[in-house]
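What follows is a set of notes on a single structure, which appears directly below.
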Amino acid sequence: MDFKASFDNTFARLPDAFFTRVTPTPVKAPRLLAFNFDLAKELGIETGDADGLAAIFGGNEVPQNATPLAQLYAGHQFGNYTAKLGDGRAILLGEVLDSNGIRRDIQLKGAGRTPYSRGGDGRAWLGPVLREYVMSEAMHALGIPTTRALAAVATGEDIYREIALPGAVLTRVATSHLRVGSFQVFAHRAQVEELAQLTAYAIARHDPEAEGPMDLLRAVCARQAELVAAWMSVGFIHGVMNTDNCSISGETIDYGPCAFMDDFHMGRVFSSIDRQGRYAFGNQPNMAIWNMAQFATALLQQMDDKDSAVDEATAIIHAMPDQIEAAWLERFAAKIGIAAPREGDTVLVQNLLDLMQKDGADFTNTFRALGTDSARDQFSDRDAFDVWARAHQLRIAQEPDAPAVMAAANPAVIPRNHRMEQMIQAAVAGDMAPFERLMKALATPYVETDAELSKPPAPSEVIPATFCGT
Ligand code: AMP
Ligand code: MG
């Protein structure tokens, strides 16, 4: 049985303005490092053997009926508009309909240069490829919308990032790769016809019930509000919420400098290039709203009755803080055992977070341990924690399902930075065992299966900064 996927490529049928056709650049010695057979099944893919998969997902063979292309987009990066970004190292192979009838993109990342590569080599190295593989699959298992990882292939070639590093290609699956920046590029160039075409395409693909651009805006804002609350509920810091990394599908996309935090702090930043803390943990709601304001601005360019559309868009954006607040409360109330939050619960959650921040309590383990003595051990000011715990006890006395609610909202294991770093170092040395171990434990994050992986880093293991990995 050979590889087979039933491609049906709607994006490739759009006009040339949206993309450039380009084939992946073959690599020296493709070798399959990881493959997501469950996801392949969901996508209706017949896999064939490992060598065949390595040839396809390393970019050496273009599968039948694929129409490889690089997408055009622009974007605000750290608040500054860059007029032309596009897939500089990503190549969309095509789309398939999954077992639920949902259209999914299959995209290679690190597959060679494209017309949008600018100075880049179009490649990725093994570290960020495996990092995204583990992170995105962990995010999925946590129940948070995300792009998925289908394959990781070693290229057998060195690439240069100050030093020589082993090259790799990641295959990413998304319900689409349309980003805010995909719309911005046409809005900024005043290409209203293309903007309207892309909007119609996005509506058909993601929000078929939407009756126009403002309905699309409303739907995307709702998804972003849910997403940012979900990230925060697991201590996730995206790190590079630029508008080109903001998917209109509401999936988490671009696992460059992201990280799950260990000890809690609202201002936590990992990305080495985020010097102002623009994308700090606690600033993510603001940035999601900022991104949606850019999306609104772009969509508005196509509206005939500008005045009333501006009013409508403004109202949609202004509704976001309350939407995020509600989604945040839903998530964090569940983390302390409350299924249906009511007034006063925000303060209860906030008081706990304040204590955690003051004492540098471990985010994941504190929530997971609530109701046991080991929660108390996370705090140096135990009296203060005891006061909070009594208030908490009183409140959840009215919540019959509290233990089950908490167990379903508080993961036992997350992909901790130091474990990811150890995994990458081992993989570079040819040892995939730490990768396999992480993948196994993170597949069922709400069940503790590997206690070692739940431990925070020892002081000598702490990884204070992450890098984009380009
Ligand atoms: P990112 O930081 O991954 O969101 O990428 C920002 C932009 O830089 C996108 O247009 C990428 O396609 C492009 N890019 C990142 N790394 C490379 C690379 N190694 N070669 C070419 N383009 C790249
Ligand atoms: Mg990106």
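Against the numbered list (1) under 30 Å from residue 381 (Cβ atoms); (2) touching a helix residue (DSSP H, G or I) at 6+ places or on another chain (Cβ under 6 Å); (3) assigned to a helix (DSSP H, G or I), residue 317 comes up short only at (1).
Look at residue 275 and say whether it is within 30 Å of residue 80 (Cα to Cα), modelled with pLDDT under 95 and open to solvent by 10 Å² or more (accessible area, probe 1.4 Å). Considered against the rule, which asks whether it is within 30 Å of residue 80 (Cα to Cα), modelled with pLDDT under 95 and open to solvent by 10 Å² or more (accessible area, probe 1.4 Å), residue 275 comes out as yes.
If a residue counts only when it is within 30 Å of residue 187 (Cα to Cα), which strands (runs of 3 or more DSSP E) contained entirely in the range 23-82 have at least 2 such residues?
69-71, 75-77, 80-82
How many residues does the range 389-412 contain that are among the hydrophobic types (A, V, I, L, M, F, W, C), in contact (Cβ under 8 Å) with a residue 24 or more places away in the chain and over 14 Å from residue 338 (Cβ atoms)? Reasoning before the result, please.
Our first condition is that a residue be among the hydrophobic types (A, V, I, L, M, F, W, C); within the range 389-412, this holds for 389, 391, 394, 396-397, 402, 404-409, 412.
Among the residues that remain, those that are also in contact (Cβ under 8 Å) with a residue 24 or more places away in the chain are: 391, 396, 402, 405-409, 412.
Still in the list and also over 14 Å from residue 338 (Cβ atoms): 412.
Total satisfying the criteria: 1.
With respect to (1) open to solvent by 70 Å² or more (accessible area, probe 1.4 Å); (2) farther than 18 Å from residue 265 by Cα, the lone exception for residue 337 is condition (1).
For first residues located in the range 231-243 and free of Cβ contacts under 8 Å to residues at least 12 places away in the same chain, partners that are open to solvent by 10 Å² or more (accessible area, probe 1.4 Å) and within 11 Å of ligand 2 (Cβ to nearest atom) and lie 6+ apart or on another chain with Cβ distances below 7 Å do not occur. Scanning the range 248-273 for residues that are in contact with a Lys or Arg (Cβ under 7 Å, 6 or more places away or on another chain) and within 12 Å of ligand 1 (Cβ to nearest atom) turns up just one, 255.
For beta carbons closer than 7 Å, sequence separation of 6+ or different chains, a first residue in the range 253-272 that is farther than 11 Å from residue 240 by Cα and a second that is more than 10 Å from ligand 1 (Cβ to nearest atom) and among the charged types (D, E, K, R), the qualifying pairs are 260/416; 261/268; 262/362; 262/416; 263/362.
Filtered by the rule that a residue be assigned to a helix (DSSP H, G or I), within 14 Å of ligand 1 (Cβ to nearest atom) and open to solvent by 30 Å² or more (accessible area, probe 1.4 Å), the range 115-144 gives a lone residue, 128.
Of all residues in the range 228-244, exactly one satisfies the criterion of being under 12 Å from the mean Cα position of the chain (by Cα), farther than 12 Å from residue 139 by Cα and more than 16 Å from ligand 1 (Cβ to nearest atom), namely 228.
Filter the range 254-277 down to the residues that are within 10 Å of ligand 2 (Cβ to nearest atom) and within 21 Å of residue 411 (Cβ to Cβ) and list them by number. Within the range 254-277, 255 is the sole residue that qualifies. The condition of being in a helix (DSSP H, G or I), more than 16 Å from ligand 2 (Cβ to nearest atom) and surrounded by fewer than 19 Cβ atoms within 10 Å (Cβ to Cβ) holds for residue 437.
Would you check if there is a residue in the range 19-29 being under 16 Å from residue 96 (Cα atoms), in contact with a strand residue (DSSP E or B) (Cβ under 8 Å, 6 or more places away or on another chain), open to solvent by 10 Å² or more (accessible area, probe 1.4 Å) and of a type in the set (A, V, I, L, M, F, W, C)? Within the range 19-29, none of the residues are under 16 Å from residue 96 (Cα atoms), in contact with a strand residue (DSSP E or B) (Cβ under 8 Å, 6 or more places away or on another chain), open to solvent by 10 Å² or more (accessible area, probe 1.4 Å) and of a type in the set (A, V, I, L, M, F, W, C).
The residue list 287, 214 contains one member that is in contact with a Lys or Arg (Cβ under 9 Å, 6 or more places away or on another chain) and more than 29 Å from residue 96 (Cβ to Cβ), which is 287. One residue stands out in the range 91-105 among those that are part of a loop (DSSP other than H, G, I, E, B) and open to solvent by 60 Å² or more (accessible area, probe 1.4 Å): the one that is farthest from ligand 2 (Cβ to nearest atom), namely 99.
Taking the listed residues 82, 147, the one that is at pLDDT 95 or above, within 9 Å of ligand 1 (Cβ to nearest atom) and among the polar types (S, T, N, Q) is 82, with no other qualifying.
Looking only at the range 52-90, residues that are surrounded by 17 or more Cβ atoms within 10 Å (Cβ to Cβ), within 14 Å of ligand 2 (Cβ to nearest atom) and either closer than 14 Å to residue 4 by Cβ or of a type in the set (A, V, I, L, M, F, W, C) (or both) come to 5 in all. For residue 146, the conditions (1) touching a Lys or Arg at 6+ places or on another chain (Cβ under 9 Å); (2) within 16 Å of ligand 2 (Cβ to nearest atom); (3) within 20 Å of residue 246 (Cβ to Cβ) are fulfilled apart from (1).
The values are calculated or read from the model by the stated rules, or taken from the named source; none is laboratory data. This one's a predicted model, so the numbers in the text were calculated from it and none came from an experiment. Cβ coordinates were reconstructed from backbone atoms using ideal geometry, including for glycine residues, and neighbour counts include every protein chain displayed. All accessible areas refer to the heavy atoms of the entire protein, side chains included, with ligands and DNA or RNA removed. Shrake-Rupley method; radii C 1.70, N 1.55, O 1.52, S 1.80 Å.
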